[in-house]
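Here's the structure we're looking at; comments come further down.
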Amino acid sequence: MNRQNKAGKRQVFVRMYRALGAKGEEYAGLLGDCFLIRILNGDKSAAHILIDFGILMGSAQAEMRMKQIATDIVETTGGCVSAEGKPTKRGSLDLLVITHEHWDHISGFSQAQDIIFDGLAINNLWMAWTEDESDDVAKQLREDLDKRSVAMAALSERIQQAVASPTSTPFAADRQVAFSGLDAFLGPLVASANTALAAAPGGAKRLKGRDIMDKLKAEAVARQYLQPGQIVAAPGALKAFVLGPPKEISRLKKDKPSSGPNKETYLDNRALADLLFRLADGEPPDPLRDLPFASRFHRISTEQVRASDASASTDTSTDAGTLRWLHDHYFALSANDGRDQSRRMIDTDWLSAVGPLALKLDSDTNNTSLVLAFELPDGTFMLFPGDAQVGNWLSWHDQPYKEQDRELSAAQILSQVRFYKVGHHGSHNATLKEKGLDLMTHSELVAAIPTDEPYGRQQGIKGWQMPDPHLREAILAATKGRTFRNDDALDTDYEQFKDNLTATDLYLEYAVFNPTE
């Protein structure tokens, strides 16, 4: 349905994948990012840019769906995949952009690894400066994020195991309640790449996402780690303006637009953070050291109280009567008169502190997103912010963007954005207002939202609002209704896009730049 363009004029198409699978399936959409940019230029070879390739952990039939997408990527870039899913000819990908390490942006490189790595030559790889192993600041940030991520994933695993355990444990909690579903962004744990560490007692582990990032670096013919303020030549004679992530640490750590007495202080809980790191290392919790009470209070371990025959206790610092009273009023599920006492059990309540820690870690990782504004032949832009949070967005305005005799500000770039990939599936703190969306005033602005709203509602305690209803309305107003999502129904009417949007079961493709006679 694409209009015929003038001979030799470049056309730019953005393909947003959704992988609905077979018709009639209950699931729809894709809560993850996977975008293929195609640049056509008359009789010349097409250029292809892939931005991320993932789906949220736990999504229905994730492996099958990512293999469908992988097959299309290989075949679109000139390769061939047999009906059995075996590549028979390699495609050529001019550029792979990985915005950040979260599972919903990179999982496909694991789920469809045979198709992707056997069927696709990755000629260039772009990552953020935070992935540059020769950068000391990046290395420290990476080590810190890795340590905290592994600790969170290890705790998530421990909670899952505890639920199935026949013995009582303080980890037997609802994982969705403790983490609000945020551990799904981390991906699974695997044995450490260091064989010696993996074989050691406790079996050191790392996130599978880290293995994927390392493999991509090794597979790519060439790689670049981009810094804010750069203007880099991109395939198809495009230019990429690098807006983020910021170099300033305070910007990287700013996740929410709050201040003063409402400022978030999640990571000030040193004791909990220390416990998480010890659990990640395979160390069992200390029944006394890990009690949530100050050391000035006399501590009684749960093991002491659990003994039904308190008189048999060997404890000499606590009298038997006290132990018996604690047992009857705390561990007994019902009182002597039959009243329910289960509400008094608070063994797993300490896990409620995990949620804020997980949220902070999630936001810190999102804020390292590589943010690119691709300049089109007419001077307009396509904006791909990954999952950038508040500090990342604010930092775009911290530096000018200079090229020979031209200098642009972030505000000038945003004013010429005609295609916006909505950040973090439309969550409330991943699209700024005054210094973001309000500046996107181009008359033909179009927005694409990668999301799966029904699936998002099932996550966490109250469900995720992706997209956030207030942001959704603001985007619809800014685009005058020219917004599409990868969870749109197959029979959605795209009349407002005329013939510039092609819809299939596998993707939605928009003609961002398509000059005609």
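The values are calculated or read from the model by the stated rules, or taken from the named source; none is laboratory data. These numbers were taken from a predicted model, which means no experiment stands behind them. Heads up, the Cβs are rebuilt from the backbone with ideal geometry, glycines too, and the neighbour counts pull from every protein chain shown. For the accessible areas, the whole protein counts, side chains as well, though only heavy atoms, and no ligand, DNA or RNA atoms are used. Shrake-Rupley method; radii C 1.70, N 1.55, O 1.52, S 1.80 Å.
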Practice prompt. Compare the Cα positions of LEU40, ILE116, LEU95 along the charge dipole of the stretch 34-134 (+1 at Cβ of Lys, Arg; -1 at Cβ of Asp, Glu; about the Cα centre) and return the one farthest towards the positive end.
Written response: LEU40
Worksheet item: Stretched out fully, how many nm does the piece from ILE249 to GLN224 gain, at 0.36 nm a residue minus the Cα gap?
Response: 6.9 nm
Fill in: Nearest-0.05 FRET efficiency for GLU434 and ASP499, computed from C-beta distance (R0 41 Å)
0.70
Discussion item. Check which residues have an amide H placed less than 5 Å from VAL371's amide H, if you skip close sequence neighbours.
Written reply: LEU243, GLY244
Discussion item. Can you compute the label reach from GLU473? Point 7 Å from Cα along the Cβ direction, backbone N cut-off under 17 Å, restricted to the stretch 436-457.
Written reply: 438
Item to complete: Pull up all non-local amide H partners of LYS239: gap of 5 or more, or a different chain, and H-to-H distance under 5 Å with H placed in the peptide plane.
Response: ALA234, GLU375
Worksheet, complete the sentence: For 445-456, 115-126, 365-376, ranked highest to lowest by mean beta-carbon neighbours within 10 Å, the order is 365-376, 445-456, 115-126
Worksheet item: Can you work out ³J(HN,Hα) from phi for every residue in the stretch 395-405, in order, using Karplus 6.51 cos²θ - 1.76 cosθ + 1.60 and θ = phi - 60°, giving whole Hz and x for Gly and Pro?
Response: 5, 4, 8, 7, 9, x, 10, 9, 8, 6, 9
Practice prompt. Set the Förster radius R0 to 30 Å, insert the Cβ-Cβ distance between LYS462 and ASP319 as r into 1/(1 + (r/R0)^6), and round the FRET efficiency to 0.05.
Written response: 0.10
Worksheet, complete the sentence: The lysines whose Cα lies under 21 Å from the Cα of LYS360, excluding any fewer than 8 residues away in the same chain, are LYS139, LYS147, LYS208, LYS247, LYS253, LYS254, LYS256, LYS263, LYS462
Discussion item. Rounded to the nearest 20 debye, what is the charge dipole size of the stretch 358-461 about its Cα centre when +1 sits on each Lys and Arg Cβ and -1 on each Asp and Glu Cβ?
Written reply: 200 debye
Item to complete: Compare ARG65, ARG10 by solvent-accessible area with a 1.4 Å probe and give them largest first, with all protein chains kept in place.
Response: ARG10, ARG65
Response to the item:
With the stretch 73-158 reduced to its Cα atoms and the Debye formula applied, log10 I(q)/I(0) at q = 0.12, 0.13, 0.16 1/Å amounts to -0.52, -0.59, -0.79
Worksheet item: Using r as the Cβ-Cβ distance of GLU403 and GLU84, and R0 as 56 Å, what FRET efficiency do you calculate, to the nearest 0.05?
Response: 0.70
Discussion item. I need the peptides 461-470, 208-217 ranked by packing, meaning the mean over residues of other C-beta atoms within 10 angstrom, with the highest value on top.
Written reply: 208-217, 461-470
Item to complete: Order the peptides 421-433, 71-83, 93-105 from the highest to the lowest mean number of other Cβ atoms within 10 Å of their residues.
Response: 93-105, 421-433, 71-83
Discussion item. Whole-Hz ³J(HN,Hα) for each residue in the stretch 439-447, computed from phi via Karplus 6.51 cos²θ - 1.76 cosθ + 1.60 with θ = phi - 60°, x for glycine and proline: what do you get?
Written reply: 8, 7, 10, 4, 5, 10, 4, 10, 10
Response to the item:
Going residue by residue through the stretch 120-125, the Karplus relation 6.51 cos²θ - 1.76 cosθ + 1.60 with θ = phi - 60° gives ³J(HN,Hα) values, rounded to whole Hz and with x marking Gly or Pro, of 9, 8, 9, 6, 9, 10
Discussion item. Can you give me the orientation-averaged projected area of the convex hull built on the Cα atoms of the stretch 123-170, in nm²?
Written reply: 5.4 nm²
Worksheet item: Say each of THR441 and LYS480 gets a label point 7 Å from the Cα, pointing the same way as Cα to Cβ; how far apart are those two points in nm?
Response: 1.5 nm
Worksheet entry | Assigned charges on the beta-carbon of Lys, Arg, Asp, Glu; the stretch 24-116 dipole about Cα centre (debye) | 360 debye
Discussion item. Taking amide H atoms as placed 1.01 Å from N in the peptide plane, list the residues 5 or more away in sequence, or in a different chain, whose amide H sits under 5 Å from that of ASP468.
Written reply: SER427, HIS428
Item to complete: Whole number please: convex hull volume per residue, Cα atoms of the stretch 62-104, in Å³.
Response: 78 Å³
